[in-house]
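What follows is a single structure, written as structure tokens, with notes after it.
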Amino acid sequence: MQHLLDDAPPLRLYLTEPARALAELGLHFAARPLMPALPKGDGHPVLVLPGLLADDTSTRPLRAILRRSGYRVHGWRLGRNIGPTAECVVGMRECLRELRERYDRPVSLIGWSLGGIFARELARETPDSVRQVITLGSPFRMARTTQSRAHRVFERYSRLHVARSTLPLERDDKPLRVPATSIYSRLDGIVAWQACLDSPGPRSENIAVIASHLGLGHHPAAIYAVADRLAQPQGRWSPFRPPRMLRPAFPAPDEPPSYPSRPPPD
């Protein structure tokens, strides 16, 4: 099992990420006539956090669909995500606090890649302000830096970071206190999919889709899963069950590997 924890995604998946994401964007536009059939929302607030080096532009297709489905959807409005800078850390906390007070309802958090790691940390800090967390290709169980092909880019901005994380990022003994869904893909070319797996529990689950890392935010299967999770009544969370006709788009989820309490020596 340890070799699975150490391996970065195959080079062929990494090199084809942009082309595959572009093809999935075409699939997204082709599926737009079906979007009105998505589960409808109850109007609760949703905050969407982008991935590393991305900004709100990257999450615009997802936010637009969720807004049309009946949610009060917001981007993070903090520019490009270059990691946990002072502006980012304080800004996310303030954004969550402001949305919680404005709507007087807990906020659902959606985070793509690094944004998902931030979303889970926000939920851990202020669980009473968070309704649920949905992550897209987020390696929140990363145990070694070799599990991400974006780690060198992340470290390039480390001098600006005010928060430093130790590996593994999360462990089984510290589950979230709010419902959590991890959407991941075995075809992810940026992060090891094993690092995206949560420990299944009464309020946690993993949903597998067939997508690239860069396409998770607009892939139709991922969008359907997000919409389905958001549409659950507050306080009545249950595991994801795709409709029979959509089951081929959702492979059976994998069992999470066992993560060590501290990273093994290099």
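Derivation of every value follows stated rules applied to the coordinates shown; laboratory data play no part. Computed from a prediction, not measured in an experiment: that's the story for all the values here. Using ideal geometry, Cβ is built from the backbone for each residue, glycine included, and neighbour counts are taken over all protein chains shown.
A few remarks follow.
- Protection-proxy order for peptides 49-55, 243-249, each taking the mean of Cβ atoms within 10 Å per residue, highest first: 49-55, 243-249
- For the stretch 181-246: rounded, prolate or oblate by the Cα gyration tensor [a/c cutoff 1.5]: oblate
- The separation of the stretch 49-104 from the stretch 139-213, counted between C-alpha centres, amounts to 19 Å.
- Viscosity 1.002 mPa s, 20 °C: Kirkwood-radius Stokes-Einstein D of the chain over Cα pairs, µm²/s: 116
- Sequence-distant contacts, meaning Cα pairs under 8 Å at least 6 residues apart, place the relative contact order of the chain at 24 percent.
- The simple spin-label model puts a point 7 Å past each Cα toward its Cβ; for Glu94 and Asp173 those points are separated by 3.7 nm.
- Note on the chain: helix-only mean residue ellipticity at 222 nm, from DSSP H runs of 4+ residues weighted -39500 (n - 2.57) and normalised by residue number, equals -9000 deg cm²/dmol.
- Summary value for the stretch 33-72: 59 percent relative contact order, contacts being C-alpha pairs under 8 angstrom separated by 6+ residues.
- Share, in percent, of DSSP beta bridges within the chain that are antiparallel, nearest 5: 10
- Relative contact order (%) - criterion: Cα under 8 Å, at least six apart; region: the stretch 5-86: 29
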